[in-house]
Amino acid sequence: MSSASYRVWALPGIGEVRPGDNLAKLIAATTPGLVDGDVLLVTSKIVSKAEGRVVEAADREAAIDAETVRVVARRGALRIVENRQGLVMAAAGVDASNTPAGTVLLLPVDPDASARAIRDGLRDELGVDVGVIVTDTFGRPWRSGLTDVAIGAAGVRVLHDLRGGTDAYSNQLSATVVATADELAAAGDLVKGKAEGLPVAVVRGLAHVVDDAGPGARALVRGAADDMFRLGTSEAVREAVTQRRTVREFTDQPVDGGAVRRAVEAAVTAPAPHHTTPWRFVLLESEASRVRLLDAMRDAWVADLRRDGASPEAVAKRVRRGDVLRRAPYLAVPCLVADGAHTYGDERRDTAEREMFVTAAGAGIQNFLVALAGERLGSAWVSSTMFCREVVREVLGLPAAWDPMGAVAIGHPSSPPQPRPPREASSFIEVR
């Protein structure tokens, strides 16, 4: 349901708002002429002032730190962060404008609750049933300029889900969910004035969006699982690196081979000696190929251990270490190919040459593991193939020059990663 037209105007006469003021009474005192079905758009600044969210802050950056839950992106002094209200925005919404020098404004603690209080107060004061939206100014990814959006709402249908309907050409709509509350907030900002002292606007003619069962503006915040752009570039790299874990238990969910191939694309950007490309990745996508390889490796390990005189218990324990590879729905075997390596005829230099290529292989494998984490895939690098390279080459039909450098178990983690014990970087640094 929609309306062919609506009207929007600012309410004059609100005046300066101070801590403890009742916003519903201040709005009612302007004789706003509200009727059922109107929507009030209230700038968050006056809500913050009324709720005492004005704080002394000689250092605005410290105030931003205190309101920040997660840094999304940083460039110079500018920070895009997730704040305590779950909103992703510049500077956590901490504002140093329209407030006395030496103070800053913080956003309302619970903007939805603030909107409910104003709505209930207006019903008590004026006997009207209106929707209320608390607004704040946001920048948006990929778009220049600022606009107002809804950060709190009461009695308003904040989202209009059109999925399952059809358009004018009878095409079924499968992804269209309209952010009605944000559209209303932006409309109100066209008539409100930050410098003119007009912090409240009214929209009339859209009574169909007024809904007692509205979920509040929190419903507009995209959840982490659905957020494809959760981090800035450098933060995404650090997140993938720090969140990478060795995962040993996986779900039965199939692994997207395209995601693994994208991880290989990242792997082969690693540094390598002599402008070589010493990485190859064998992807075992069928269960039959994985079982054939793992059975052959197990038989080779058992034979080696028995020749060494290992007890049956020791043999069983060693074999169990490779079980993580059997539990994974996907395996990759990274290989070192030392084409282009120099031969010096000197043991010291030839050893160093080999180490250069091994280091490059390790860098490629690390890139691979980090990229898998970026694809939300769990992985475990297991060195097993390095103990039976001939067997691996034979089973997989690999050239003699390919050196298997372990195997990588890949899958969807069956549980969230366990916290990693903190490691202080200074413990690993020596400065000369």
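The values are calculated or read from the model by the stated rules, or taken from the named source; none is laboratory data. Owing to the predicted nature of the structure, the values given are computational and were not obtained by experimental measurement. No Cβ is skipped: glycine too gets one built from the backbone with ideal geometry, and neighbour counts run over all protein chains shown. What goes into the accessible areas is simple: the full protein's heavy atoms, side chains included, and nothing from ligands, DNA or RNA. Shrake-Rupley method; radii C 1.70, N 1.55, O 1.52, S 1.80 Å.
Here are the numbers:
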quantity	calculated
Of all residues making up segment 43-69, the number that are at pLDDT 90 or above, out of contact with any Pro (no Cβ under 9 Å at 6 or more places or on another chain) and assigned to a strand (DSSP E or B)	2
Hits in segment 307-322 - residues which are exposed (fewer than 13 other Cβ atoms within 10 Å of the Cβ) and among the charged types (D, E, K, R)	ARG307, ASP308, GLU313, LYS317, ARG320, ARG321
Search result, residues across segment 244-297 that are aliphatic (A, V, I, L, M) and over 24 Å from the mean Cα position of the chain (by Cα)	VAL268, ALA270, ALA272, VAL282, LEU283, LEU284, ALA288, VAL291, LEU293, LEU294, ALA296, MET297
One residue from ARG262, ARG245 being at negative phi and either open to solvent by 50 Å² or more (accessible area, probe 1.4 Å) or in contact with a helix residue (DSSP H, G or I) (Cβ under 7 Å, 6 or more places away or on another chain) (or both)	ARG262
For SER289: the one exception among (1) more than 14 Å from GLY411 (Cα to Cα); (2) of a type in the set (S, T, N, Q); (3) open to solvent by 30 Å² or more (accessible area, probe 1.4 Å)	(3)
Residue in segment 218-227 that is touching an Asp or Glu at 6+ places or on another chain (Cβ under 8 Å) and surrounded by 13 or more Cβ atoms within 10 Å (Cβ to Cβ) present	yes
Pairs where the first residue, in segment 402-422, is of a type in the set (Ser, Thr, Tyr) and the second is surrounded by 22 or more Cβ atoms within 10 Å (Cβ to Cβ), C-beta under 8 Å, 6+ apart	SER414/PHE250
Near pairs, Cβ below 8 angstrom, 6+ apart or cross-chain, from segment 312-335 (over 12 Å from LEU294 (Cα atoms)) to any residue that is part of a loop (DSSP other than H, G, I, E, B) and open to solvent by less than 10 Å² (accessible area, probe 1.4 Å)	PRO334/GLY406
